[in-house]
Amino acid sequence: MNQATTRPVRATLRLQFHRGFSLDDAVPLVPYFARLGISHLYASPLLCARAGSMHGYDVVDPTRVNPELGGEAALERLVRSLRQHDMGLLLDIVSNHMAVGGADNPWWQDLLRWGRLSPYGEFFDIQWHSPDPLMEGQLLLPFLGSDYGVALQEGTLRLCFDAERGEFHVEHYQHHFPICPSDYGELLRVPGELDAESAERLKPLADTFSTLRYQPDAHTQAEPLQRQLQDAASAPQVRAAIEQQLAQYDARQPEGFARLHALLEQQSYRLASWRTAADDINWRRFFDINELGGLRVERPAVFEATHGKIFQLIAAGLVDGLRIDHID
């Protein structure tokens, strides 16, 4: 790729990229922009945002160019066309916050899964030591459409197993709340009378997962165990046995209500109605938007993780300048 242009910014034209208007869609327009006298295109955020985002400020993965826009290869094609017309590219970036909730931010999901044991526990601006003793060490998640007890009773909090990932989570509409792997043991102890063969195969895994709560490096040790679970669950009989076990956590039944509530009480987060956010939330949001979580970008590790791809794009000569959104 050619080196970044050093020509002064004379006139810019902003392009809002999204799934319906990709980086490749802009390429045939470049000659027209050049005839208008535009010196630089000013691009909306290009890092991987929430699926279907129309603006790009809800980044879920800052380590790659959004594949919905065509990815880095498409960016290279656009910049190649710009260079042929002696034009540059300015890029809008947002480092103050990223999209949370849902199920598509791997940093946020890892944080929910492991709490303060997560390497991302210090990435987000969280008040772990809450003055409320009921919230000590927990993250308030005001993402429920109703009060917590109502959501349990109505069955809109559902315990699920993702066989392809070897993971358990509680699902609430578009939200996935991960279960800590140290709690997988109780979920994998399939009764022998239900399926003796599957119970025998899962018992060693269940026992090993249960020991994670006593391991200082549980986060690392869980990964190979989840791969083993993924392999075991590739057998339809084992997967069916796990699903039958999860039926015992159907909160629409009294026993299931008690089991699922007890399991959720053990997690690093506390589920609540979206209405509680203004009074009880213990992490910084972007203004009052629950789906945008504040980042501790002043910390060197966070800065490097959130800006690494941007620096790569600059070093590769793909970006000539930045517009930094909400620099605070």
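The values are calculated or read from the model by the stated rules, or taken from the named source; none is laboratory data. Just so we're clear, the structure is a prediction, and the values are computed from it rather than from any experiment. In this analysis, Cβ positions are derived from the backbone assuming ideal geometry, glycine residues included, and neighbour counts consider all displayed protein chains.
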Test set (1) touching a residue at least 24 places away in the same chain (Cβ under 8 Å); (2) surrounded by fewer than 15 Cβ atoms within 10 Å (Cβ to Cβ); (3) within 16 Å of residue 259 (Cβ to Cβ) - residue 185 fails condition number = (2)
Quick check: is even one residue across segment 293-308 within 22 Å of residue 170 (Cα to Cα) and touching a residue at least 40 places away in the same chain (Cβ under 8 Å)?
-> yes
Can you pull out the residues in segment 35-55 that are closer than 17 Å to residue 89 by Cα and free of Cβ contacts under 8 Å to residues at least 40 places away in the same chain?
-> 35, 36, 37
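For (1) over 30 Å from residue 145 (Cα atoms); (2) outside the structural domain of residue 60 (by TED's automatic domain parsing); (3) touching a Pro at 6+ places or on another chain (Cβ under 8 Å), each residue gets a yes or a no:
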{"position": "289", "(1), (2), (3)": "no, yes, no"}
{"position": "303", "(1), (2), (3)": "yes, no, no"}
{"position": "308", "(1), (2), (3)": "yes, no, yes"}
{"position": "312", "(1), (2), (3)": "yes, no, no"}
{"position": "317", "(1), (2), (3)": "yes, no, no"}
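Residues checked against (1) buried (at least 18 other Cβ atoms within 10 Å of the Cβ); (2) part of a loop (DSSP other than H, G, I, E, B); (3) among the charged types (D, E, K, R):
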residue: 258; (1), (2), (3): no, no, no
residue: 267; (1), (2), (3): yes, yes, no
residue: 279; (1), (2), (3): no, no, yes
residue: 290; (1), (2), (3): no, no, no
residue: 302; (1), (2), (3): yes, no, no
residue: 313; (1), (2), (3): yes, no, no
Enumerate the pairs (first residue in segment 66-94 and at pLDDT below 95; second residue anywhere and not in a helix (DSSP H, G or I)) with beta-carbon separation below 7 Å, excluding pairs fewer than 6 apart on the same chain, so at least 6 apart or on different chains.
-> 94/45; 94/57; 94/59; 94/325; 94/326
Condition met for residue 251 (assigned to a helix (DSSP H, G or I) and either within 26 Å of the chain's Cα centre (by Cα) or in the same structural domain as residue 180 (by TED's automatic domain parsing) (or both)) | no
With the condition kept exactly as written, say whether any residue in segment 195-213 is under 18 Å from residue 267 (Cα atoms), surrounded by 18 or more Cβ atoms within 10 Å (Cβ to Cβ) and not aliphatic (A, V, I, L, M).
-> yes
When residue 82 is evaluated against the numbered criteria (1) in contact with a Gly (Cβ under 7 Å, 6 or more places away or on another chain); (2) outside any loop (DSSP other than H, G, I, E, B); (3) not assigned by TED's automatic domain parsing to the domain that holds residue 316, which criterion, by number, is the only one it fails?
-> (3)
Mind telling me which of the residues 152, 141 ends up being at pLDDT 95 or above and part of a helix (DSSP H, G or I)?
-> 152
Would you pick out the residues in segment 167-184 that are in a helix (DSSP H, G or I) and out of contact with any Lys or Arg (no Cβ under 9 Å at 6 or more places or on another chain)?
-> 184
Filter segment 82-94 down to the residues that are touching a His at 6+ places or on another chain (Cβ under 9 Å) and crowded, with 19+ Cβ neighbours inside 10 Å, then identify the one that is farthest from residue 175 (Cα to Cα).
-> 87
